[in-house]
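Engineer: Shown below is the structure under consideration.
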Amino acid sequence: MKVLGLGCGQPGGSAEILLTAALRAAGDAQLVRLTDLTTDDHRWWLWERLVECDGLIVSTPIINRTVAARLKTVIDFLLGPNADAAIIEHLVEVRRSGAEPAVPFRVDERVLKPRVAGLIAVGGSLTPQWKTLALPLLHTTVFSMHMAVVDQVAYGGAGTPRSILLDEAALERAARLGGNVASQLGVAFDDVRYLGPPGLCPMCHLSVVELNGTAVTCATCGSTGEWADSTIRWTDLTTSVISMAEKRAHAREIQETAAAQAKARGEIDARAARFGTYEHVVRP
């Protein structure tokens, strides 16, 4: 069983220090620094590391309330449909039936093996509003591959280089996260035990929610519920992007939309002609 650590900050910085503590506790683990990679040259090298691992621990500095830009680039360029477990599952079925899908995404069946994850974010601010979006955005690293998050934690107060070393409790907590991830390696998604701090949402275990009147939606994963008597009653967890039910619904939607728009391709191309000749383009 292999654990991969994805370091999204500076080498030797606070985020990597916490990641190192977690990886040492996880046992057989490797560290990949995103600072060593370029998007074009190393995209599929990193992909191989991701599909080979059984556990993933991601650690990022908190920048502008969210994750490091280099991690967001990896998510946008490498993950998404290529790594979506439901899309891969569907494409495998379509091709085994002898047909070709309407949207021919890259198919790598290794995406479908069970994986678990741990998430770490560390920033400088002591107040919670400066790290609200960090863990929700970290979930976009793992939900497409249907990795079960075992543990997650966000730290503040580490605004100068390597200053997390002054926080022994943070180092111990990161090591515990690594041990928690290692304890669930190889466990099927539905049987994984979540060992991190509880949150309002029973799916992602975070507490960032959107209110529309009395309707509640988890802003991280999309679980839905109702607000009444100062509490949330969760009514539908299948709407969560963490669930395979929602992933499968999304995969069907993509294929159906693509098939419908294929019939209108001539009209789309004709209309596009009006938008390809704008004269006032400014370049460096």
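No lab work stands behind these numbers, since they all come straight from the coordinates. These numbers come from a predicted model, not from an experiment. Cβ sites come from the backbone with ideal geometry, for glycine too, and all protein chains shown count toward neighbours.
Engineer: What length, rounded to one decimal in nm, is gained on full extension from ARG24 through to GLN10, with 0.36 nm per residue of separation minus their alpha-carbon distance?
Structural biologist: Details: separation 14, 0.36 × 14 = 5.04 nm, distance 1.87 nm.
Roughly 3.2 nm would be gained on extension.
Engineer: Please find the FRET efficiency linking ARG110 to ARG233, where r is the Cβ-Cβ separation and R0 is fixed at 35 Å, and quote it to the nearest 0.05. Before the final figure, lay out the partial values.
Structural biologist: On the way: r = 39 Å, r/R0 = 1.11.
For ARG110 and ARG233, the calculated efficiency is 0.35.
Engineer: For the chain, which DSSP H helices look membrane-span-like by this rule: Cα extent along the axis of 15 Å or more and mean Kyte-Doolittle of at least -1.0?
Structural biologist: On the way: long enough: 14-26 (18 Å, 1.18); 39-52 (20 Å, -1.27); 85-96 (16 Å, 0.47); 168-183 (23 Å, -0.02); 244-262 (27 Å, -0.81).
Span-like helices in the chain: 14-26, 85-96, 168-183, 244-262.
Engineer: If one computes the Cα centroid of the stretch 134-193 and of the stretch 6-84, what distance in Å separates the two points?
Structural biologist: First find each Cα centre; the distance between them is then 12 Å.
Engineer: Just checking my list [x] 144; [y] 153; [z] 186 against volume of the Cα convex hull per residue in Å³ computed from this structure; which label fits?
Structural biologist: Computed from the coordinates, volume of the Cα convex hull per residue in Å³ corresponds to [z].
Engineer: What residues qualify as long-range amide H neighbours of ILE57, i.e. H under 5 Å apart, gap of 5 or more or another chain, H built at 1.01 Å from N?
Structural biologist: Answer set, sorted by chain and number: LEU4, GLY5, LEU6, GLY118.
Engineer: Once amide H atoms are built 1.01 Å from N in the peptide plane, which residues 5 or more positions from VAL216, or in another chain, come under 5 Å H to H?
Structural biologist: Sorted by chain and number, the residues that satisfy this are GLY225, GLU226, TRP227.
Engineer: Helix-derived [θ] at 222 nm for the chain: sum -39500 (n - 2.57) over DSSP H runs of at least 4, divide by residue count, nearest 500?
Structural biologist: -10500 deg cm²/dmol
Engineer: Which residue fluctuates most in the GNM of the chain (Cα springs below 10 Å): THR224, THR38, THR66?
Structural biologist: THR38
Engineer: A further question on this structure: Testing the spin-label approximation: label points 7 Å from Cα along Cα→Cβ at LEU165 and LYS263. State their distance in nm.
Structural biologist: 6.5
Engineer: Return a whole-number percent for the relative contact order of the chain, with Cα pairs under 8 Å and 6 or more residues apart as the contact set.
Structural biologist: 19
Engineer: Assuming R0 = 25 Å, can you tell me the calculated FRET efficiency for the pair ALA69 and LYS2, based on Cβ-Cβ distance, to the nearest 0.05?
Structural biologist: Once the sixth-power term is evaluated, E becomes 0.40.
Engineer: Here's something else I'd like to know. For the stretch 198-264, what does the relative contact order come out to in percent, with C-alpha contacts under 8 Å and a separation of six or more?
Structural biologist: Normalised by residue count, the contact order of the stretch 198-264 is 18 percent.
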